[in-house]
Amino acid sequence: MFYAKGNLICWGYCGMKELRYVLSFLVAAVVLAPSVVLADSSDFSDVNEEYWANDEIQYLADEGVISGYENGTFRPNEPVKRSQAASMIVEALDLDTQNRPDPDFRDIDETLPSYDVAATVQDEGIMGGKEGAFLPNDTLTRGQMAAVLERSFDLDEPSGDVTFSDVSEGFVFENEIKTIADEGITTGYDEDNTFRPNNDTTRAQFSVFLSRVLNEEDVSEEEDNVAYPAVNLDLHFLNVGQGDSILIEPNGGGGNILIDANDRGTDNEVVQYLENNNINSLEWVVATHPDADHISGLVEVMEEVDVENVLSSGKKHTTDTYEEYMDTIEEQNINVVEAEEGEYLDTAAAQVQIVNDKEESSDLNESSVALHLTYGETTALFTGDATVEQEAEMIEQYDVEADVLKVGHHGAATSTSEEFVEEVDPDMAVLSYGENNYGHPDVDVVERLRDQGTELYSTDEAGNIEISLSHQRPIAQTEPWDGNGEEGDEVEQEEPESTYPININTAGDETLQEITGVGPAIAENIIDYRETNGSFQSIEEIMNVNGIAEGRFADMKEEITI
């Protein structure tokens, strides 16, 4: 039985027609921002026809329930804010905002219309402040949303038939959660019978459950396995230049995993990306191997973000970058787990198995931690810089089939063999690379994947790439890349003048021999190292090159730069 505060009232029993009317207004309250314009979902630049919640968003847009933003986006993964909910609930319930008691909120200026809105929802007992603040930009958790719903409508007391494993007796929103679940307004997560009251509610998730309430007949006739999950898993492939960084984000919050982080010497783009997406904690940081193009950005990540665990290949390195990385782990008191092939990562985000660690190898690329992720019926494979030899071993020992593949070693010819591509059979593959002199991605690798029917995506071309796993299929929020890759031979570069200091990332064979202690053999070793590992991230890294030890480095360090 639904009763509303204000002028929007259902007397006695509220039938489905009236319920839909009430909830239509309520959804507007929670899903829309103040500065929006009405738009069809087909106009939303960030919701394509393949997006997992497209049908529900389209339905609500057609009904006039939801709108997009002025820039043409819907922002399906954006959480609902308190100010948005408050202002639209006041409008939906036609509440008078005049002459309300002064709430004395210190974070909202009294001259703004939002101040009257905040005063109204507090006076009505719908939403209050905390320690003198309304917190207008804070997001509403699922538990808080249940309270807003329950307080906006006088709902019957729950029968007690609906329980959730993570809503214990005495929980602050226990009664409100059970009330809205008992009324069928929302449900929990079937896979583990949880409600996840502390998770944010995204616009896409809320659109899905609302459309099922408002459009009950159409939705209930869908197959049981329709790909509309209670929470989807987002894969973010970050544009970090000639390096790797992948964020695995359960859309409901928590259990975030970061694989590698390159820092190309400017403001740390990985930290900035995490901040922009409200990621303030990571359950796991995975360092596939200790090359700088995979760990150089992790130092600041561990300093700025709460990291619970680090999964390490166990390989050591002699670079300053690696030493700083290890020192930061110790300083931040982060738990370190050494990868063990065949074991599973301890996480609720998805099933994540370690399919390569190559502990006995002295080669850092060969020792790359490779992960195979399963989420519902969708799969993804992340192989770091593992070579074709490790790929062959993975094929023999594991089921490596994956809907999404992070192409090994930035698309180099040393990875992604024909046999491996056939076994993985990816629908989508992401090439993570930047401007380079190494022929990445290799033209044969690109052709090999395309011949398999794989859609390719390039961080160098598209920037950050987001792919959503929705239990049954992956959906990319980026257009595929139609490039051809680079020929296997290194692109000829004009030889720079041999003035000191010499840039060891760009110098050719003859110029490298101008460095003290570098002859033809060591110059070739330096070039081979660059082709295999990418650009040097510090001059100290040159000591990893065969033939250059501390003594020779001491003689040359004043003559070189990066």
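Could you give every pair whose Cβ atoms fall below 9 Å, whose first residue belongs to segment 469-485 and is part of a strand (DSSP E or B), and whose second residue is at pLDDT 80 or above and aromatic (Phe, Trp, Tyr), counting only separations of at least 6 or pairs across chains?
Final answer for the pair search is Leu469/Tyr375; Ala476/Tyr457.
Inspect all residues belonging to segment 401-415 and state whether any of them is polar (S, T, N, Q), in contact with a helix residue (DSSP H, G or I) (Cβ under 9 Å, 6 or more places away or on another chain) and under 22 Å from Gly342 (Cβ atoms).
Yes.
Taking the criterion of being touching a Phe, Trp or Tyr at 6+ places or on another chain (Cβ under 6 Å), of a type in the set (D, E, K, R) and either surrounded by fewer than 22 Cβ atoms within 10 Å (Cβ to Cβ) or modelled with pLDDT of 95 or more (or both), would at least one residue in segment 437-460 satisfy it?
Yes, segment 437-460 has at least one match.
Restricting segment 130-144 to residues that are of a type outside the set (A, V, I, L, M) and farther than 20 Å from Asn175 by Cα, which is most open to solvent (accessible area, probe 1.4 Å)?
Taking segment 130-144 and keeping what is of a type outside the set (A, V, I, L, M), we get 130-132, 134, 136-139, 141-144.
Okay, now just the ones that are also farther than 20 Å from Asn175 by Cα, so 130-132, 134, 136-139.
Numbers: Lys130: 128, Glu131: 154, Gly132: 35, Phe134: 5, Pro136: 28, Asn137: 109, Asp138: 72, Thr139: 42 Å².
My answer is Glu131.
So if I check each of Thr163, Thr202, which one is at pLDDT below 85 and not charged (D, E, K, R)?
On the way: Thr163 fails: at pLDDT below 85.
Being at pLDDT below 85 and not charged (D, E, K, R) holds for just one of Thr163, Thr202, which is Thr202.
Let me confirm something: among Ser87, Ser24, Ser114, which residue is of a type outside the set (Val, Ile, Thr), modelled with pLDDT of 75 or more, closer than 26 Å to Arg142 by Cβ and part of a helix (DSSP H, G or I)?
Ser114
Name the strands (runs of 3 or more DSSP E) wholly inside segment 324-431 in which the number of residues that are over 23 Å from the mean Cα position of the chain (by Cα) and surrounded by fewer than 16 Cβ atoms within 10 Å (Cβ to Cβ) is 1 or more. Please lay out each step first, then the result.
Values: elements: 335-338, 351-356, 370-375, 378-382, 404-406, 428-431.
Here the list reads 335-338.
Hey, Val121 hits all of (1) at pLDDT 85 or above; (2) surrounded by fewer than 15 Cβ atoms within 10 Å (Cβ to Cβ) but one; which does it fall short on?
Here Val121 clears every test but (2).
The values are calculated or read from the model by the stated rules, or taken from the named source; none is laboratory data. None of these values were measured; they are calculated from a predicted model. With ideal geometry, Cβ positions are generated from the backbone for all residues, glycine too; neighbour counts draw on all protein chains shown. With ligands, DNA and RNA removed, areas are computed over all heavy atoms of the protein, side chains included. Shrake-Rupley method; radii C 1.70, N 1.55, O 1.52, S 1.80 Å.
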